[in-house]
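Undergrad: Quick one: structure below, then a few questions.
The values are calculated or read from the model by the stated rules, or taken from the named source; none is laboratory data. From a predicted model like this one, the values you see are computed outputs, not experimental measurements. So basically every Cβ, Gly included, is an ideal-geometry build from the backbone, and we count neighbours across all protein chains shown. We work out accessible area using only protein heavy atoms, side chains counted, and drop any ligands, DNA or RNA first. Shrake-Rupley method; radii C 1.70, N 1.55, O 1.52, S 1.80 Å.
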Amino acid sequence: MTDPRRRLPGVDRLLASPEVADLLDLYPRDRVVTELRREIDEERARVTVAPAPEAPDFPEMAERFARDIGARLSRLRQPSLRPVVNATGVILHTNLGRAPLAPEAVEAMVRLTAGYSNLEFSLEEGTRGSRYDHARELLSDLTGAEDALVVNNAAGALVLALAALAGERGVVVSRGELIEIGGGFRLPEVIAAAGVPMLEVGTTNRTRIEDYAEGTLGHGTGAPAEQGHTEQRHSAQVPATQEATPAQRHPAGGGALLKVHRSNFRMVGFTEEAALTDLVALGEESGLPVVYDLGSGLMVDPVLLGLPPEPTVRESVATGADLVLFSGDKLLGGPQAGIVVGRAPAVALLRRHPLCRALRVDGATLAALEATLGLHLDPAQAMARIPVLRMIAERASEVEGRAQSVVRGLPSGGEWQVEVVRMEGRIGGGTFPEHPVPSAGIRFQGGDVEHLARALRGGTPPVVGRVAKDALLLDLRTVLPDELPLLEKALQAALVGA
Ligand SMILES: *Cc1c(COP(=O)(O)O)cnc(C)c1O
């Protein structure tokens, strides 16, 4: 018996076969040759392990190689990142890209990035400008802050704020606010990554303003200081001069006070927390800047959205905190960004810090952000045009009407019971954890639910719903109006396949 490896065809012979020749119409020759060599090598490895008794059938092999190569090359050409129909009912779904943008923001982004721009150019002076000037005035106007800075995301904004304001002296933070937001955002780790010592104060369930006060003196790192001793150490360490700089007055204390909004959970029972206003007063007294990580960046009155009370950005700024940080792609409804607003000297320190360069925002994001902020100048327009706000405010009965129109377009009969039902959605994005959003959508029961869910995820566009017990639920609140015909088509295809 001859060595089966000898019987493998060469690249030239394969290139001449009609199946492989078809690939040359679609892909560069070098690519196809590389792929053929790979196929031949793999085949050689296969027949070495398990020698075939018969000589391979050349046309069969050429066809198999061509099919594999075609599938691989076409997969490489298809982007991995694609639009998806969100039928989960979770409005700010971080895994699905958080906030869909308003048409105005999309247009601004496309217009700006197709050509050159004045990203870092002053059109007035004809000289170098700053990218950080672009959304500045709008943000100040909308939030009442003296100054503003936009960076890559809110986690980055926090790292920058702490590095620039607290530095080696550390940040004073309550043990009840050492939170995890999800997606790898664990506050202690973010603080550590900023290279800033963490001076924990209070307990998990109760932190008083006095605890912060001790933290500013460097007593907040563990052993509870007795009340009486605090005064003594205070007088021993602190020269009682009016002119002393904060650094002199607090040689062992923190460099900044941090308050974190507990976005994604609530504490009940025997709890206590210091109000932001008290922290601001303490900050003024001790000369330490106060940083407030607000998270969601609500710009409109929560009542308009039917939401429970939640501090808006403007209210947070009005407390006098030095910096308020929030995300661009949560309740603001814009692109991914970390937005810093607050007192001018503090914002200026951030703008000058070397980390700012590492966290810098790109022009496309700034364009989308400016357009989104422009809509926020008129709350009614913001509610009508920004998808996230429109979705939050939409009545369940309207959502139900859309579900009904989709169901009418579906084939009847078969194994599936298809019904329009009321269901509960969520705001998501780590906001309003206990506030379900009454919604409506389509329920599929009676068939292989996992199989149908997989078929929908594999469609074009992919549709992502929610599997609950023996049903697949598609919440129509988070399906954009433009996507309804696509959803209908995807459902028709998946129901035939499933
Ligand atoms: C969401 C959130 C963050 C992180 O924001 P990103 O923009 O995702 O980096 C930080 N802090 C709080 C309180 C948040 O809710």
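Undergrad: Restricting to region 459-484, count the residues that are over 26 Å from the mean Cα position of the chain (by Cα) and either at pLDDT 95 or above or of a type in the set (Gly, Ala, Ser) (or both).
TA: 1
Undergrad: State whether one or more residues within region 255-276 are part of a helix (DSSP H, G or I) and open to solvent by 10 Å² or more (accessible area, probe 1.4 Å).
TA: There is at least one residue in region 255-276 that is part of a helix (DSSP H, G or I) and open to solvent by 10 Å² or more (accessible area, probe 1.4 Å).
Undergrad: Let me ask you something else. Inside region 410-429, can you point out the residues that are open to solvent by less than 20 Å² (accessible area, probe 1.4 Å) and either more than 18 Å from residue 471 (Cβ to Cβ) or within 16 Å of the ligand (Cβ to nearest atom) (or both)?
TA: Correct list: 427, 428, 429.
Undergrad: Here are some conditions: (1) in a helix (DSSP H, G or I); (2) touching a strand residue (DSSP E or B) at 6+ places or on another chain (Cβ under 9 Å). Residue 60 meets all but one. Which one does it not meet?
TA: Single failed check for residue 60: (2).
Undergrad: For region 69-177, list the helices (runs of 4 or more DSSP H) that sit wholly inside it and hold at least 1 residues that are among the polar types (S, T, N, Q) and crowded, with 16+ Cβ neighbours inside 10 Å; which are they?
TA: Passing ranges, in order: 136-143.
Undergrad: So, one more: Of all residues in region 458-481, count the ones that are in contact (Cβ under 8 Å) with a residue 40 or more places away in the chain and either β-branched (Val, Ile, Thr) or in contact with a Ser or Thr (Cβ under 6 Å, 6 or more places away or on another chain) (or both).
TA: 7
Undergrad: Within region 285-380, which strands (runs of 3 or more DSSP E) (wholly inside it) include 3 or more residues that are closer than 30 Å to residue 116 by Cβ and within 16 Å of the ligand (Cβ to nearest atom)?
TA: By residue number, 338-342.
Undergrad: Touching a residue at least 40 places away in the same chain (Cβ under 8 Å), over 30 Å from residue 403 (Cβ atoms) and surrounded by fewer than 16 Cβ atoms within 10 Å (Cβ to Cβ), is that true of residue 51?
TA: yes
Undergrad: While we're on this one: Can you name the helices (runs of 4 or more DSSP H) wholly within region 387-458 that have at least 2 residues being over 30 Å from residue 337 (Cα atoms) and out of contact with any helix residue (DSSP H, G or I) (no Cβ under 6 Å at 6 or more places or on another chain)?
TA: Filter on region 387-458 gives 396-408, 449-457.
Undergrad: Please go through region 163-190 and pick out each residue that is away from the ligand (no atom under 11 Å from the Cβ) and in contact with a helix residue (DSSP H, G or I) (Cβ under 6 Å, 6 or more places away or on another chain).
TA: 163, 164, 171, 172, 178
Undergrad: Let me ask something else about it. In this structure, does residue 455 turn out to be open to solvent by less than 30 Å² (accessible area, probe 1.4 Å) and in contact (Cβ under 8 Å) with a residue 12 or more places away in the chain?
TA: no
Undergrad: Tell me, yes or no, whether region 286-298 has at least one residue that is open to solvent by 70 Å² or more (accessible area, probe 1.4 Å), out of contact with any strand residue (DSSP E or B) (no Cβ under 9 Å at 6 or more places or on another chain), under 21 Å from residue 322 (Cα atoms) and modelled with pLDDT of 50 or more.
TA: Looking for residues that are open to solvent by 70 Å² or more (accessible area, probe 1.4 Å), out of contact with any strand residue (DSSP E or B) (no Cβ under 9 Å at 6 or more places or on another chain), under 21 Å from residue 322 (Cα atoms) and modelled with pLDDT of 50 or more, one finds none in region 286-298, hence no.
Undergrad: Here's a follow-up. Scan (1) modelled with pLDDT of 95 or more; (2) farther than 15 Å from residue 91 by Cα; (3) small (Gly, Ala, Ser) for the single condition residue 440 breaks and write down its number.
TA: Condition not satisfied by residue 440: (2).
Undergrad: Now, a different point. Condition first: over 27 Å from residue 269 (Cα atoms), within 24 Å of the chain's Cα centre (by Cα) and without any contact (Cβ under 8 Å) to a residue 60 or more places away in the chain. Can you find one or more residues in region 148-156 that meet it?
TA: no
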